[in-house]
Amino acid sequence: MDFIDLKAQQKRIRAEIEEAILGVLDHGRYIMGPEVAAFESQLGEFLGVEHVIGCSSGTDALLLPLLAFEVGPGDAVFVPPFTFFATCETVALTGATPVFVDVDPQTFNIDPDKLAEAVEKTQAEGNLKPKGIIPVDLFGLPADYDRIMPIAEAHGLFVLEDAAQAFGAEYQGRRLPGFGEVGATSFFPAKPLGGYGDAGAVFTDDGDLAAVIRSLLVHGQGRDKYNNVRIGLNARIDTMQAAILIQKLKLFEEEIALRQAVAERYTAAIEGAGGGAFELKAPHVPEGYWSVWAQYTVLTPRRDELRAALSAEGIPTAVYYEKPMHLLDAMAYLGGKPGDFPVSEHLADRAVSLPMHPYLSEADQGRIFAAAGL
Ligand SMILES: *Cc1c(COP(=O)(O)O)cnc(C)c1O
């Protein structure tokens, strides 16, 4: 059994993928070929967002807007500590300071009450200037934008959505990313919409911001790439990845529904068994939220035993994330210590992700339930 089965999907569209790759080999425009603009416009239509900028990874999709906002030394950017490293890494890379805000124990996403407190505390201390917020839609579940956006507005902060795991999720009837000034996603192979290599995209309705990001994408180009007007990156998406992702996007709507069905079966089994032998707690999806189920992550006080029992039956699991960001060596310079963010630390001790992909069969899921004591 695979944790994420990419082969089942490839089998469905292998011929289309080969044709798409051959198309790129035939026209030979490997950099910014016609598939790039076509993919960007399809993504924009899918989300209802005006400007889409394909880029080389989810990490660059976070870094580009931070550069566009001219975030740097002395600035505070508020981020959750329970996430993938890129969320705070990109902030640190600009010279700004990631200020961690603990997450909600139910949704695993940034806690709006603690966010408001942290912004006010930072402002009062006066060492750092509050500049922006990066909410993460962890495991595919949207952050609480109805409560985050007013905090941002009240303090003049930008909101950059880290929707690396949540492309296509929904919050109050609107698809993600689509709430902050700008959103970022990743097409890393294991993400809900994944390519065959690294890729990402930036989304915004702000035309001026989009123009700056397009310039940053190609070495801060002005009229052309030899007329540089700002310090930028080489962060373009490959034509080849765009060609592949166009084919995968055609299946995506259906795959979201299949993921939802897999998640519902997991939750029904866990709740039906009252958590079962390993005292599992199913993920909570509040009213008005639609997860895209990048991961199906449960909590258990007996994680090692559960993983061993599943592994003995050939069932893979993964732990996202073993260490919250404030306890990583790379972030030690911020002075974080155990106890600083108790909810994130609790989740890091108890969270475990079960196999999740659109093609997980009911038979395989039945084997997982049996091994997990459900
Ligand atoms: C995967 C991920 C990223 C980075 O995306 P890459 O395409 O791997 O660079 C950023 N943030 C979160 C929350 C992620 O899960």
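Quick notes on this one:
- The set of residues in the stretch 70-84 being over 20 Å from Asp111 (Cβ atoms) and either of a type in the set (D, E, K, R) or within 16 Å of the ligand (Cβ to nearest atom) (or both) consists of Glu70, Asp75.
- Counting the residues of the stretch 24-41 that are assigned to a helix (DSSP H, G or I) and either in contact with an Asp or Glu (Cβ under 8 Å, 6 or more places away or on another chain) or surrounded by fewer than 16 Cβ atoms within 10 Å (Cβ to Cβ) (or both) gives 8.
- Every test in (1) within 12 Å of the ligand (Cβ to nearest atom); (2) small (Gly, Ala, Ser); (3) farther than 18 Å from Phe203 by Cα is passed by Ser56 save one, and that test is (3).
- Qualifying residue in the stretch 217-240 (condition: outside any loop (DSSP other than H, G, I, E, B), within 15 Å of His51 (Cα to Cα), touching a residue at least 24 places away in the same chain (Cβ under 8 Å) and within 16 Å of the ligand (Cβ to nearest atom)): yes
- Contact map, the stretch 191-202: residues that are under 18 Å from Phe3 (Cβ atoms) and touching a residue at least 40 places away in the same chain (Cβ under 8 Å) paired with residues that are within 7 Å of the ligand (Cβ to nearest atom) and of a type in the set (A, V, I, L, M), Cβ distance under 8 Å, separation 6+ or inter-chain. Pairs shown: Lys191/Ala164.
- The condition of being within 12 Å of the ligand (Cβ to nearest atom) and out of contact with any Gly (no Cβ under 9 Å at 6 or more places or on another chain) holds for only one of Ala124, Ala154, Ala143, that being Ala143.
- Any chance Phe84 is at pLDDT 95 or above, of a type in the set (Phe, Trp, Tyr) and surrounded by 21 or more Cβ atoms within 10 Å (Cβ to Cβ): no
- Subset of the stretch 172-190 (residues that are more than 16 Å from Phe69 (Cβ to Cβ), within 12 Å of the ligand (Cβ to nearest atom) and outside any loop (DSSP other than H, G, I, E, B)): Thr185, Ser186
- Annotation: of all residues in the stretch 191-201 being part of a loop (DSSP other than H, G, I, E, B) and near the ligand (Cβ under 8 Å from one of its atoms), the one that is surrounded by the fewest Cβ atoms within 10 Å (Cβ to Cβ) is Asp198.
- Scope the stretch 222-240; condition buried (at least 18 other Cβ atoms within 10 Å of the Cβ) and under 20 Å from Leu63 (Cα atoms); matching residues: Gly232, Ala235, Arg236, Ile237, Asp238
- As for the stretch 356-373, it holds no residue that is free of Cβ contacts under 8 Å to residues at least 12 places away in the same chain and at positive phi.
- Residue check for Tyr266: of a type in the set (Ser, Thr, Tyr), touching a Phe, Trp or Tyr at 6+ places or on another chain (Cβ under 9 Å), at pLDDT 95 or above and under 27 Å from Leu141 (Cα atoms): yes
- Pro338 meets all of the listed conditions (1) surrounded by 14 or more Cβ atoms within 10 Å (Cβ to Cβ); (2) not in a helix (DSSP H, G or I) but one, namely (1).
- Leu209 away from the ligand (no atom under 14 Å from the Cβ), crowded, with 23+ Cβ neighbours inside 10 Å, among the aliphatic types (A, V, I, L, M) and at pLDDT 95 or above: no
- Of the helices (runs of 4 or more DSSP H) that lie entirely inside the stretch 86-171, those containing 2 or more residues that are closer than 30 Å to Val298 by Cβ and among the acidic types (Asp, Glu) span 112-125.
- Candidates Val292, Val352: the one that is assigned to a strand (DSSP E or B), under 19 Å from the mean Cα position of the chain (by Cα), modelled with pLDDT of 95 or more and surrounded by 15 or more Cβ atoms within 10 Å (Cβ to Cβ) is Val352.
- In the stretch 113-137, the residues that are within 17 Å of Gly95 (Cα to Cα) reach residues that are of a type in the set (S, T, N, Q) with C-beta atoms within less than 7 angstrom, at least six apart or across chains, in these pairs: Leu128/Thr97; Leu128/Thr122; Pro130/Thr122; Pro130/Gln123; Ile134/Thr87.
- Some residue of the stretch 272-284 being farther than 20 Å from Cys55 by Cα and assigned to a helix (DSSP H, G or I): yes
- The requirement of being buried (at least 20 other Cβ atoms within 10 Å of the Cβ) and of a type in the set (Asp, Glu) is satisfied by Asp137.
- Here Phe108 passes the criteria (1) surrounded by fewer than 21 Cβ atoms within 10 Å (Cβ to Cβ); (2) within 16 Å of the ligand (Cβ to nearest atom) except the one numbered (1).
The values are calculated or read from the model by the stated rules, or taken from the named source; none is laboratory data. All values derive from a computational prediction rather than experimental measurement. Note that each Cβ is placed from the backbone with ideal geometry, even for glycine, and that neighbours are counted across all protein chains shown.
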